[in-house]
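Asks: The structure's right below; bear with me while I get my questions together.
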Amino acid sequence: MFNSDYNTDNEYEEYDDVVYGPEEKSLTRYNIILCELYNEKIHGIDDSCVLYNYLVHSRFKYLNMDCINEILVFIQNKYINLPNKRHHIYKNYMNIIKNNYIKPEIGECIYLNSGHCVTILKTFWIKIIQKTWKNILKKRENIIKKKCNINSLKYRETDNKRSVDYYNYPTLKGMLHKLKT
């Protein structure tokens with residue numbers, strides 16, 4: 001069951017082919033979703049484990065930015081009109097909602113026994129991989145610049161050895177090994 005506060009039967013009728021219905025089964029494990037932190041002022045009081053999760057507002061069959069933007073405007077207006085922008089779990093909640101934290105994400109949807117649909121976000125892993133890959137590219141560029149240096153070329157000519165940097169050339173293999181704890 002999705003948040004019935006937002007989704008009335010005909011609210012997004014023109015996007016029926018884009019947005020999954022509340023009980024409609026997804027074709028894939030991961031979906032494009034809009035999710036939000038649980039807030040008892042919006043979602044009502046709940047004693048279950050919903051308190052610490054992201055509630056799924058909408059699931060999308062494919063990326064349609066017109067539909068997503070229309071729903072985002074609706075959600076953001078709901079937050080703007082909140083009389084009290086405090087949260088009993090997240091101390092910086094006002095800053096979180098001020099920075100438009102609701103955006104399209106990739107997530108795995110899980111239905112709780114209480115009927116709520118929560119998500120496990122997967123998008124942050126993509127951001128970590130992108131950042132790591134950018135660092136690898138910078139290291140590669142530095143190594144290539146060092147190899148093109150005249151002193152490096154002379155060294156290779158006279159000693160017929162490869163420089164140490166050649167053996168430390170960063171690759172994709174093991175690029176996330178630093179994440180282990």
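Asks: In the structure shown, do any of Lys138/Lys178; Lys127/Lys173; Lys41/Lys103; Lys41/Lys122 have a Cα-Cα gap over 23 Å, and if so which?
Replies: Lys41/Lys122
Asks: Multiply the residue gap between Glu40 and Leu82 by 0.36 nm, knock off their C-alpha separation, and tell me the result in nm, one decimal place.
Replies: 14.0 nm
Asks: For Arg59, Arg140, Arg29, what's the fewest-to-most ordering of other Cβ within 10 Å of each Cβ?
Replies: Exposure proxy ranking, most exposed first: Arg29, Arg140, Arg59.
Asks: Would you list the P(r) distribution for segment 13-121, with all Cα-Cα distances sorted into 10 Å bins from 0 and each bin expressed as a whole %?
Replies: 13, 45, 35, 7
Read the figures in this text as sums done on the coordinates, not as results from a lab. Remember, it's a predicted structure, so these values are computed and weren't measured experimentally. FYI the Cβ positions are ideal-geometry reconstructions off the backbone, even for glycines, and counts take in every protein chain you see.
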